[in-house]
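I have placed the structure first, in the form of structure tokens, so that the comments after it can refer back to it.
The values are calculated or read from the model by the stated rules, or taken from the named source; none is laboratory data. None of these values were measured; they are calculated from a predicted model. Note that each Cβ is placed from the backbone with ideal geometry, even for glycine, and that neighbours are counted across all protein chains shown. Just so you know, the surface numbers come from the protein's heavy atoms only, side chains and all, with ligands and any DNA or RNA stripped out. Shrake-Rupley method; radii C 1.70, N 1.55, O 1.52, S 1.80 Å.
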Amino acid sequence: MRYLYYIGGIIVLFSLLAAYGVFKTKVEISKPAVVINDRIISESELETRIKLKPYYMNRNEYIDSLIDEQLLIQEALNKEIHKEESFRQSVQQYYEQSLIKILVDRKLSSLKTSVSDNEIQKYKILSASRLIISKFGYKSLNEAQNSVSQTPQKIDADFVDLSDGLKFTLLNLKKGEMSPPVESGMGVLSYRIDQIIPLEAPKRGDTDDEQIRNFISGYKQEQLMADWIRELKANAEIWREK
């Protein structure tokens, strides 16, 4: 993790030097558009910033906000806040979270899933049904994988009233089949569908094919992401205190 400190420190240093006007050499020669004490914002820089301004601001309002921002930066530098440990930690945290977000976004965009017509039809059938479900709780994955005998908790509910995560789990099960054990905040859980009872007057749920497809596809992506993270853990050297 130490290299993150070095990179984060370099980023902060260069940002502060640029903000404070240390770099005098310009690749592109451009007239000043706004000057706030020693900070010069060129016409080209301003036009670049204007393109990214909030939609609800006009040009003058954005320039006013830019001046306020630069004055606050200068005041913070004068008070040497950038040298404080709390500032370094906040920059490090922002840097790491930005790295994670970009990585996860790219991974998600690379995960391709497909949803069959049979899956959509099964979702519709379950949406018009009441289910009797057995919920099995285990202390560990090892206990669950060894099929340690457990007295299940019975759940009697309409499919549309269940949580989205449980809906997706049950969607992949046949009657009487156990779901793979999954770790959660409540321990290791597994489910079994005992009965599927058609409703005479089904509650209104998702009936649009595209909505159902998006729902199933989203959870399939989550499943692939969880598999990917498990793979990262399996290939890593990890030590933690007992």
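Results, tabulated for the structure shown:
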| quantity | calculated |
| --- | --- |
| Listed peptides 90-97, 186-193 by packing density, highest first (mean Cβ within 10 Å) | 186-193, 90-97 |
| Residue pairs, from the table Lys135/Lys175; Lys167/Lys233; Lys135/Lys167; Lys31/Lys53, whose Cα atoms sit over 18 Å apart | Lys167/Lys233; Lys31/Lys53 |
| Selection from Tyr56, Leu72, His82 lying farthest towards where the dipole of segment 48-91 points positive, charges on Cβ | Tyr56 |
| Magnitude of the charge dipole, segment 165-237, Cβ model with Lys/Arg +1 and Asp/Glu -1, debye to 20 | 200 debye |
| Gyration tensor (alpha-carbon) shape descriptor, segment 88-242, a/c threshold 1.5 | oblate |
| Cα-centre dipole for segment 49-150 with unit charges at Cβ (Lys and Arg positive, Asp and Glu negative), debye to 20 | 680 debye |
| Eligible aspartates and glutamates near Lys107 by straight Cα distance, threshold 17 Å, same-chain separation 8 or greater | Glu96, Glu222, Asp227, Glu231 |
| Global geometry of segment 105-163, whether rounded, prolate or oblate, following the gyration tensor of its Cα atoms and the 1.5 cut on a/c | oblate |
| Within the accessible area of segment 104-210 (1.4 Å probe), percent carbon and sulfur | 48 percent |
| Sequence-separation-based contact order of segment 78-200, relative, with Cα cut under 8 Å and 6+ spacing, percent | 28 percent |
| Electrostatic dipole magnitude of segment 116-242 [Cβ: Lys, Arg +1; Asp, Glu -1; Cα centre; debye, to 20] | 380 debye |
| Within segment 92-242, percent of DSSP bridges classed antiparallel, to nearest 5 | 100 percent |
| Segment 33-81 shape via C-alpha gyration tensor axes, a/c threshold 1.5 | prolate |
| Partners for Lys83 among lysines (Cα-Cα distance below 25 Å; same-chain residues under 8 apart left out) | Lys24 |
